């Protein structure tokens, strides 16, 4: 039981961490900041590209696959109809996604619900087969630059990680090695991205380019965008392994405990991010903030959501949307209040 609790706790840390990055890109698409006005704005977007774009999306998708394994495995151990429950779970996730789609076109939940349907057969395959299939599909989709369907291989790899009981048995020595290797690959990735970014470093000048120069710029931009997808898995692995190492240090784990609570309410906080961004839009308006100011808005949203998550989970077992999702999945009433005894 203690190992199981530790595993779930580490997954909550990772979910919370993934949410921190996801909002940094979502707020840009939603608030549509004013046109680039100086090099500082260009540099900020470059930092988002290097350290955020696609990386946290990959982590969140991977964790969905891990969560799928845990859900199905637990349901089977309890003698429940696991496939039926998971299909119902996906249905209600899709409902959340459709509603969220009206607020944030292109959001992930509905896509996750659709691709989640393909996961069920993989649960019955050998873990090594799933690992190979996940890697092959990931490489193929990255080669094809098919960003919209990338969740599927990350789902399968997350499922394989669950089958290997990766987060239960991985030793700190191995985790340190993974962190070191992925860190080296990440440094190489950031170097490549930095060099590639030099070719597109002045998007403000695009209207003044000749047709030939504009065509070269567009071609370079496409190469750069593809490199962002190619390098993202290495950086995502580095982030996850480093985070797991840090939270295994008692004092750091305690300091980062608000992140774990934030991740326990991942569904509520993911949709809550969108609602709070809309509040920011009502206050500042679209197009009236620059790119760097979206970061400060995100910091305010972090503070609000960290505080809310901490207070809520002191009194309740589940986040508000997590509770609704649970009711829909199991089709019965559960107590939500924590026992005061």
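The values are calculated or read from the model by the stated rules, or taken from the named source; none is laboratory data. A quick note: this is a predicted structure, and the numbers were derived from the prediction, not measured. Cβ atoms come from the backbone with ideal geometry, glycine included; neighbour counts cover every protein chain shown.
Summary of computed values
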read-out	value
Residue match in the stretch 76-99 (condition: crowded, with 21+ Cβ neighbours inside 10 Å, touching a helix residue (DSSP H, G or I) at 6+ places or on another chain (Cβ under 8 Å) and under 27 Å from residue 189 (Cα atoms))	no
Any hit, the stretch 87-110, residues being assigned to a helix (DSSP H, G or I), at pLDDT 95 or above and either closer than 30 Å to residue 196 by Cα or over 21 Å from the mean Cα position of the chain (by Cα) (or both)	yes
Any chance residue 148 is closer than 27 Å to residue 22 by Cβ, part of a helix (DSSP H, G or I), within 20 Å of the chain's Cα centre (by Cα) and modelled with pLDDT of 95 or more	no
Test: residue in the stretch 316-323 that is surrounded by fewer than 18 Cβ atoms within 10 Å (Cβ to Cβ), in contact with a strand residue (DSSP E or B) (Cβ under 7 Å, 6 or more places away or on another chain) and either under 13 Å from residue 17 (Cβ atoms) or touching a residue at least 12 places away in the same chain (Cβ under 8 Å) (or both)	yes
Number of the condition not met by residue 262 [criteria: (1) within 22 Å of residue 104 (Cα to Cα); (2) at pLDDT 95 or above; (3) surrounded by fewer than 21 Cβ atoms within 10 Å (Cβ to Cβ)]	(3)
All positions within the stretch 122-142 that are assigned to a helix (DSSP H, G or I) and either touching a strand residue (DSSP E or B) at 6+ places or on another chain (Cβ under 6 Å) or over 19 Å from residue 59 (Cα atoms) (or both)	122, 123, 124, 127, 128, 129
Filter pass, residue 228 being within 30 Å of residue 199 (Cα to Cα) and in a helix (DSSP H, G or I)	yes
Condition check for residue 119: within 19 Å of residue 153 (Cβ to Cβ), in contact (Cβ under 8 Å) with a residue 24 or more places away in the chain and either over 20 Å from the mean Cα position of the chain (by Cα) or part of a helix (DSSP H, G or I) (or both)	yes
Filtered residue count, the stretch 42-69, keeping only those that are within 20 Å of residue 154 (Cβ to Cβ) and more than 18 Å from the chain's Cα centre (by Cα)	0
